[in-house]
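Some notes on the structure that comes next.
Nothing in this text is a laboratory measurement; each read-out follows from the coordinates by a stated rule. Note that the coordinates shown come from a computational prediction; the quantities given were computed from them, not determined experimentally. Don't worry about glycine lacking a Cβ; one is built from the backbone with ideal geometry, like all the others, and counts go over all protein chains shown.
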Amino acid sequence: MTKKNHSYIQRRLIPSYIFLIIVSFISVFPFYWMISAATNTTVEVARGKLTIGTHALENFQHLLANQNLWGTMGNSFFYAIVQTILCLIICSLAGYGFELYHDAGKDRLFAVLLLAMMVPQVATMIPLFRMISQAHLLNSVWAFILPSISTPFMIMMFRQNSRNFPVAIMESARIDGLNEFQIFVSMYVPIMKSTYAAATVVTFMNAWNSYMWPKVVMTDNRAQTMPMLIANLASGYTTDYGMLMMGVLFCSVPTMLIFFFLQKSFAEGLTGAVK
């Protein structure tokens, strides 16, 4: 490639670079505004101040004084981690069984599971609440996780990615004397680690950001989650926007860290990569 052709290609890419810069700015701006608002007073936020302020410590102290921040974050972490672990175990076992031991009956059952994805959550909320209430599980971790402990989407993702699992390895393992559980734990799980990473990100974020269902079954303030705390901060006669955005910042950081550390495996898992 000549120097002239190289310069021509670079000039043609300039509009693409400009477009990507603008899109990147639009994507990052809400996060920057959240940080900026968390360091300013309510009056400064209302006036549209966009620079970093000096009231971050004051907003943080107000947040601690008005809400049980650490207890609520502990609840959210506990609920999200337990739901993520159980969902990964159950959905990976289901996807493993549907694909590697499939037959006509399992295919029909899987079709029913896919149809369940079309049912909105609000349509099942009342019967689920009655079941949880009659089982005396309100304000418990089981009330939070049971409706989402296994989802059709997660089962479908594990089943689709299991199609890339080398079946010959299973046959060799059986010859070597391994049982089905040992094959799953020692061979399937390590090979499908990208899928597990992607499922971890999706499940944890859904559990952490869940609001409607916890609002229904968590009637005790001691069992509230971070989205419920944010809603409490915004539901008053007057709203302290600095304190509110400080709470939003604390609510956003865990999911951002999870995605940051698992972003590479997340992309590989969604594309069906197997290692």
Item to check | Euclidean distance between Cα centres, segment 179-220 to segment 68-138, Å | outcome: 10 Å
Next on the checklist: For the chain, report the % of Cα-Cα distances exceeding 34 Å.
Outcome noted: 39 percent
Checklist entry - Mind listing the phi-derived Karplus ³J(HN,Hα) values for segment 39-46, rounded to whole Hz, using 6.51, -1.76 and 1.60 with θ = phi - 60°, and x for any glycine or proline? => result 10, 10, 7, 4, 5, 5, 5, 5
Checklist outcome for this item: Taking 136, 102, 55 and counting other beta carbon atoms within 10 angstrom, the fewest-first order is 136, 102, 55
Checklist entry - Under the rule of -39500 (n - 2.57) per DSSP H run of 4 or more residues, summed and divided by the residues of the chain, what mean residue ellipticity at 222 nm is obtained, to the nearest 500 deg cm²/dmol? => result -24000 deg cm²/dmol
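Over every pair of different alpha-carbon atoms in segment 118-275, take the mean of 1/r and invert it; report that Kirkwood radius in Å.
Details: mean 1/r = 0.0538 Å⁻¹.
For segment 118-275, the Kirkwood estimate is 18.6 Å.
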Checklist entry - Under the Karplus relation 6.51 cos²θ - 1.76 cosθ + 1.60, θ = phi - 60°, what is the ordered set of whole-Hz ³J(HN,Hα) values for segment 98-114, x standing for Gly and Pro? => result 4, 8, 8, 10, 7, 8, 4, x, 5, 5, 5, 5, 5, 4, 5, 4, 5
Item to check | Per-selection metrics, segment 56-165 (Cα): Rg and Dmax in Å | outcome: 18.8, 63
Checklist entry - Can you work out ³J(HN,Hα) from phi for every residue in segment 53-68, in order, using Karplus 6.51 cos²θ - 1.76 cosθ + 1.60 and θ = phi - 60°, giving whole Hz and x for Gly and Pro? => result x, 10, 10, 4, 5, 5, 5, 5, 5, 5, 5, 5, 6, 9, 9, 7
Item to check | Coarse-grained scattering of segment 15-102 at q = 0.16, 0.19 Å⁻¹, given as base-10 log I(q)/I(0) from a Debye sum over alpha-carbon atoms | outcome: -0.85, -0.92
